[in-house]
Amino acid sequence: MKTDNASIPAGPPGDSYAAGRAERARKARRAIVAAVAVVVLLVAVFRIAHALHRPSPPATPPPNRDFSRFASPELPLDRGLALVVVLAMDCGHCRETAKIVGTFDAEALAVGIYFILSGKPEEVDPFFEAIGASVPYHLATMAEYLDLVADEPTAVCLLSNGEMRAEWPPRQFSLRALRDELARRQ
């Protein structure tokens, strides 16, 4: 007697139903994963395209480093070598820069050190006590300060007879850099 394999049951009737159900679930999961991948890809493409076509924000105007407006008998910024440090008295990094500058032996190299400070008059004495130095200064208005520093908290500039000779970006000033600059152009 010849038997047809199709007529031989694969097992109990519940097993074939469960196998089909598991296969349908796998296919559904694959379809969901594929759909999520397509959505993620489309979002990424949209964000990149949007970023490429987005107008750039207006550039911050460059700082106005014209220190001649602060020149006075107490601040002779227009005569000889002058290291001008623009600081906010309530800024921790500015205080650290002020401490570094305060340790510099300016007289030995004939360099005047001057601070242009931002803050309140009652903050001046505690500021100088905290840095352990006494330096001639000008207390700038907020508008003057922002005009000098633009979007950075400090500015360290070396002037020669009122003209910019060197400038250090915030957090890059060091006494070694100043000494190197002074040795380079003597």
Only listed residue being at pLDDT 80 or above, exposed (fewer than 10 other Cβ atoms within 10 Å of the Cβ) and over 20 Å from Gly162 (Cβ atoms), chosen from Gly102, Gly92: Gly92
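Restricting to the stretch 80-110, count the residues that are in a strand (DSSP E or B) and touching a Gly at 6+ places or on another chain (Cβ under 8 Å). Steps first, answer last, please.
Here is the first cut: in the stretch 80-110, the ones in a strand (DSSP E or B) are 81-88.
Now drop any that are not touching a Gly at 6+ places or on another chain (Cβ under 8 Å), which leaves 81-83, 88.
Result for the stretch 80-110: 4.
So that you can scan it fast, the table gives a plain yes or no per residue for (1) over 30 Å from Ala130 (Cβ atoms); (2) at pLDDT below 70; (3) out of contact with any Leu (no Cβ under 7 Å at 6 or more places or on another chain); (4) part of a loop (DSSP other than H, G, I, E, B):
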| site | (1), (2), (3), (4) |
| --- | --- |
| Gly11 | yes, yes, yes, yes |
| Val43 | yes, no, yes, no |
| Ala59 | yes, yes, yes, yes |
| Arg69 | no, no, yes, no |
Does Arg176 qualify as being charged (D, E, K, R), surrounded by fewer than 16 Cβ atoms within 10 Å (Cβ to Cβ) and on the phi > 0 side of the Ramachandran plot? no
Only one of Leu146, Leu182 is in contact (Cβ under 8 Å) with a residue 60 or more places away in the chain and outside any strand (DSSP E or B), namely Leu182
Among Ala140, Ala155, the single one that is touching a residue at least 24 places away in the same chain (Cβ under 8 Å) and farther than 22 Å from Ala177 by Cβ is Ala140
Contact list, first residue from the stretch 56-79 and of a type in the set (Ser, Thr, Tyr), second anywhere and modelled with pLDDT of 50 or more and surrounded by 10 or more Cβ atoms within 10 Å (Cβ to Cβ), beta-carbon distance below 8 Å, six or more apart or interchain, is Thr60/Ala150; Ser68/Leu77; Ser68/Asp78; Ser68/Gly162; Ser72/His138
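The values are calculated or read from the model by the stated rules, or taken from the named source; none is laboratory data. Please read these numbers as outputs of a predicted model, since none were measured by experiment. Glycine gets a Cβ as well: all are built from the backbone with ideal geometry, and neighbour counts include every protein chain shown.
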